[in-house]
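Below is one structure, written out as C-alpha cells; the observations come after it.
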Amino acid sequence: MTFNAYGVWAIYRFEMARALRTLWQSVVTPVITTALYFVVFGSAIGGHMNSVDGVPYGAFIVPGLIMLSLFTQSIFNASFGIYFPKFTGTIYEILSAPVSSIEIVIAYVGAAATKSAVLGLIILATASLFVPLHILHPVAMFAMLVLISVTFSLFGFIIGVWANGFEQLQMIPMLIVTPLTFLGGSFYSIDMLPPAWRTITLFNPVVYLISGFRWTFYGAGDVGVGYSVLATLGFLAVCLVIVGWILKTGYRLKN
C-alpha cells in the first residue's frame, strides 16, 4: 500500500486551520500567560534571587516556561484533535477513507506537534522582550523542542482515544502533567532542595526533560544531558508502543 500523502495533508491542513480559527486560545492566551509569569515570578522571586547557577533568574525560568506550555499545548492539541471527531461521529468517515491508521496518526500528531513547536518559539520570542537570552546550543534546542512536541503530542493522542468525555480529556494534563512540571524544576534548580527531597524529585520524569532543554540554553542542567535525552526517547518509545497497540486493536476507535 502506497503512502497517501494527499490524505495526510488534508487532515493536517484541517487541524492547522482549526488553530487559526481559534487564534486567541491557541496563541494569544499562552503568550499573555507567559508575560504574567515573568511579571509575577520575575518581580516576586527575581527581586530576592539574583541568579541560579550563574544565570539571571529571569533568564533561568525561560526553558521551564516553554516546557510548561509545550507539555500542556501538545497534549491538548492532539487529544482534542482526535477526540472531537469521536464526539461528533465523523471519526467513522475518516476511518472509512482511503487513509491508513498510521497516516491518520501522522496527520493528527504532526499537526499538534507543529502547533506546539511554533508556540514554543513564540514564547521564546516573547521571553526575549523581558530578559536577555543566549542560547548556547541552538540546533540542540530546536531538536529538543521538536522531539518533546512530538512525544507529548503522541501522549495527547493516546489520551484523546482513551477519553470518554471532556472531563477525562482534561484530567491527566491538569492533575498529573501540570503538577509534575511545577515540581520538576521549571522555576528553580532541584539542587536548591534538601537532599531527601532532591532524591524524591529525581523520580519525576519531567525533571529530565526540563533539565535537558535548559542545558541547550546554558550548557548546564540538574541532571546529565545524556539522561535527559534517554528519558525523552524512552517516553517516546512507550507512546509509540501504545499507539501501535491502539492501531492494531482499534481500541475505542472502531468500537
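Please indicate, with yes or no, whether at least one residue in the range 49-68 is in contact with a Pro (Cβ under 8 Å, 6 or more places away or on another chain), assigned to a helix (DSSP H, G or I), touching a residue at least 40 places away in the same chain (Cβ under 8 Å) and not small (G, A, S). Checked against the condition, which is being in contact with a Pro (Cβ under 8 Å, 6 or more places away or on another chain), assigned to a helix (DSSP H, G or I), touching a residue at least 40 places away in the same chain (Cβ under 8 Å) and not small (G, A, S), the range 49-68 yields no hits at all. Between a residue in the range 153-166 that is closer than 12 Å to F84 by Cβ and part of a loop (DSSP other than H, G, I, E, B) and any residue that is of a type in the set (A, V, I, L, M) and modelled with pLDDT under 90, which pairs come within a Cβ distance under 9 Å, given they are 6 or more apart or on different chains? If the second residue must be of a type in the set (A, V, I, L, M) and modelled with pLDDT under 90, the pairs left are A163/L169; A163/M171; A163/I172. Remark: L169 falls outside the filter, which requires a residue to be surrounded by 20 or more Cβ atoms within 10 Å (Cβ to Cβ) and in contact with a Gly (Cβ under 6 Å, 6 or more places away or on another chain).
Scanning the range 181-192 turns up no residue that is within 30 Å of N50 (Cβ to Cβ), without any contact (Cβ under 8 Å) to a residue 24 or more places away in the chain and of a type in the set (G, A, S). Any residue at all in the range 140-150 that's more than 26 Å from V241 (Cβ to Cβ), surrounded by fewer than 15 Cβ atoms within 10 Å (Cβ to Cβ) and either of a type outside the set (V, I, T) or modelled with pLDDT of 95 or more (or both)? No: zero hits.
Please specify each residue of the range 32-48 satisfying the condition of being modelled with pLDDT of 70 or more, farther than 17 Å from A125 by Cα and either surrounded by fewer than 16 Cβ atoms within 10 Å (Cβ to Cβ) or of a type in the set (S, T, N, Q) (or both).
V40
Being touching a residue at least 12 places away in the same chain (Cβ under 8 Å), more than 30 Å from V39 (Cβ to Cβ), of a type in the set (S, T, Y) and assigned to a helix (DSSP H, G or I) is a condition met by no residue of the range 86-96.
Checking each residue in the range 68-85 for being aromatic (F, W, Y) and in contact with a helix residue (DSSP H, G or I) (Cβ under 6 Å, 6 or more places away or on another chain) picks out F71, Y83. Please go through the range 221-251 and give me each residue that is surrounded by fewer than 16 Cβ atoms within 10 Å (Cβ to Cβ) and assigned to a loop (DSSP other than H, G, I, E, B), ordered by number. Correct list: G224, G250, Y251.
Yes or no, residue by residue, for (1) among the aliphatic types (A, V, I, L, M); (2) under 30 Å from V62 (Cβ atoms); (3) more than 17 Å from the chain's Cα centre (by Cα); (4) modelled with pLDDT under 90:
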{"residue": "F80", "(1), (2), (3), (4)": "no, yes, no, no"}
{"residue": "T90", "(1), (2), (3), (4)": "no, no, yes, yes"}
{"residue": "T114", "(1), (2), (3), (4)": "no, yes, no, no"}
{"residue": "L121", "(1), (2), (3), (4)": "yes, yes, no, no"}
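The values are calculated or read from the model by the stated rules, or taken from the named source; none is laboratory data. Everything numeric here is computed off the predicted structure, so don't read it as measured data. Neighbour counts are summed over all protein chains in view; Cβ atoms, including those assigned to glycine, are modelled from backbone coordinates with ideal geometry.
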